[in-house]
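The values are calculated or read from the model by the stated rules, or taken from the named source; none is laboratory data. Computed from a predicted model, the values in this text were never measured in an experiment. Cβ placement follows ideal geometry from the backbone for every residue including glycine, while neighbour counts extend to all protein chains displayed. Areas reflect the complete protein model, heavy atoms only, side chains present, ligands, DNA and RNA absent. Shrake-Rupley method; radii C 1.70, N 1.55, O 1.52, S 1.80 Å.
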Amino acid sequence: MKTSHLFILIFSVLILSSCNKNSGYGNPEVDFSILQKDYMSWWNYYSKNIILSSDFISLDENSNIISKENFLVLLTSGDYIPIRLSSKDTLLYYKLCN
(Lines give C-alpha, C1' and ligand atoms only; values in the text may rest on other atoms or scores of the structure.)
Protein backbone atom coordinates (compact mmCIF):
# COMPACT_ATOMS: atom_id res chain seq x y z
CA MET A 1 0.00 0.00 0.00
CA LYS A 2 2.81 2.43 0.84
CA THR A 3 4.47 1.68 -2.48
CA SER A 4 1.36 2.68 -4.45
CA HIS A 5 1.06 5.92 -2.47
CA LEU A 6 4.69 6.70 -3.15
CA PHE A 7 4.24 5.93 -6.84
CA ILE A 8 1.18 8.23 -7.02
CA LEU A 9 3.08 11.00 -5.24
CA ILE A 10 6.09 10.74 -7.56
CA PHE A 11 3.86 10.55 -10.63
CA SER A 12 1.92 13.64 -9.48
CA VAL A 13 5.11 15.63 -8.93
CA LEU A 14 6.37 14.70 -12.40
CA ILE A 15 3.09 15.70 -14.03
CA LEU A 16 2.92 19.02 -12.20
CA SER A 17 6.54 19.89 -12.94
CA SER A 18 6.10 19.16 -16.65
CA CYS A 19 3.02 21.40 -16.76
CA ASN A 20 4.94 24.27 -15.23
CA LYS A 21 7.79 24.26 -17.72
CA ASN A 22 8.57 27.80 -18.69
CA SER A 23 9.19 28.89 -22.24
CA GLY A 24 12.70 29.56 -23.47
CA TYR A 25 12.35 33.31 -23.13
CA GLY A 26 12.10 35.78 -20.30
CA ASN A 27 11.55 39.48 -19.91
CA PRO A 28 12.40 42.22 -22.39
CA GLU A 29 16.07 43.19 -22.41
CA VAL A 30 15.13 46.89 -22.46
CA ASP A 31 12.52 49.12 -20.86
CA PHE A 32 9.98 49.82 -23.59
CA SER A 33 9.31 53.36 -22.32
CA ILE A 34 12.98 54.28 -22.95
CA LEU A 35 12.59 53.36 -26.62
CA GLN A 36 9.57 55.63 -26.94
CA LYS A 37 11.46 58.62 -25.55
CA ASP A 38 12.97 59.75 -28.85
CA TYR A 39 14.14 58.49 -32.21
CA MET A 40 17.81 58.14 -31.25
CA SER A 41 16.98 55.97 -28.23
CA TRP A 42 14.99 53.64 -30.46
CA TRP A 43 17.57 53.64 -33.24
CA ASN A 44 20.50 52.88 -30.92
CA TYR A 45 18.61 49.92 -29.46
CA TYR A 46 17.28 48.67 -32.79
CA SER A 47 20.58 48.84 -34.68
CA LYS A 48 22.47 46.93 -31.97
CA ASN A 49 19.86 44.37 -30.90
CA ILE A 50 17.38 43.61 -33.67
CA ILE A 51 18.46 41.52 -36.67
CA LEU A 52 15.36 40.69 -38.67
CA SER A 53 17.32 38.66 -41.23
CA SER A 54 18.34 36.17 -38.52
CA ASP A 55 16.42 33.12 -37.39
CA PHE A 56 14.22 34.05 -34.45
CA ILE A 57 11.08 33.05 -32.62
CA SER A 58 8.48 35.73 -33.18
CA LEU A 59 5.82 36.66 -30.64
CA ASP A 60 2.82 38.93 -30.93
CA GLU A 61 1.93 41.54 -28.32
CA ASN A 62 0.23 38.83 -26.20
CA SER A 63 3.36 36.61 -26.24
CA ASN A 64 1.77 34.10 -28.62
CA ILE A 65 4.16 32.53 -31.11
CA ILE A 66 3.40 33.66 -34.64
CA SER A 67 5.10 33.05 -37.98
CA LYS A 68 8.00 35.25 -38.98
CA GLU A 69 6.01 36.34 -42.02
CA ASN A 70 3.08 37.46 -39.87
CA PHE A 71 5.50 39.19 -37.47
CA LEU A 72 7.05 41.18 -40.32
CA VAL A 73 3.66 42.11 -41.77
CA LEU A 74 2.52 43.42 -38.38
CA LEU A 75 5.83 45.22 -37.91
CA THR A 76 5.46 47.07 -41.22
CA SER A 77 2.11 48.45 -40.07
CA GLY A 78 4.07 50.97 -37.99
CA ASP A 79 2.07 50.14 -34.86
CA TYR A 80 4.77 48.00 -33.23
CA ILE A 81 8.37 48.03 -32.10
CA PRO A 82 10.28 44.72 -31.94
CA ILE A 83 11.74 44.01 -28.52
CA ARG A 84 14.35 41.34 -27.87
CA LEU A 85 13.54 39.08 -24.94
CA SER A 86 16.10 37.54 -22.64
CA SER A 87 16.70 33.92 -23.53
CA LYS A 88 17.50 30.74 -21.62
CA ASP A 89 18.98 29.22 -24.76
CA THR A 90 20.78 30.38 -27.89
CA LEU A 91 17.60 31.24 -29.78
CA LEU A 92 16.53 34.82 -30.40
CA TYR A 93 13.06 35.85 -29.27
CA TYR A 94 11.46 39.05 -30.55
CA LYS A 95 8.15 40.38 -29.28
CA LEU A 96 5.97 43.03 -30.87
CA CYS A 97 5.19 45.91 -28.48
CA ASN A 98 2.93 48.87 -29.12
field: Charge tally in the Cβ shell below 13 Å around Tyr80, where Lys, Arg are +1 and Asp, Glu are -1, Tyr80 excluded
entry: -2
- prompt: With every protein chain kept in the model, how would you rank Leu72, Leu96 by accessible area, 1.4 Å probe, largest at the top?
  reply: Leu72, Leu96
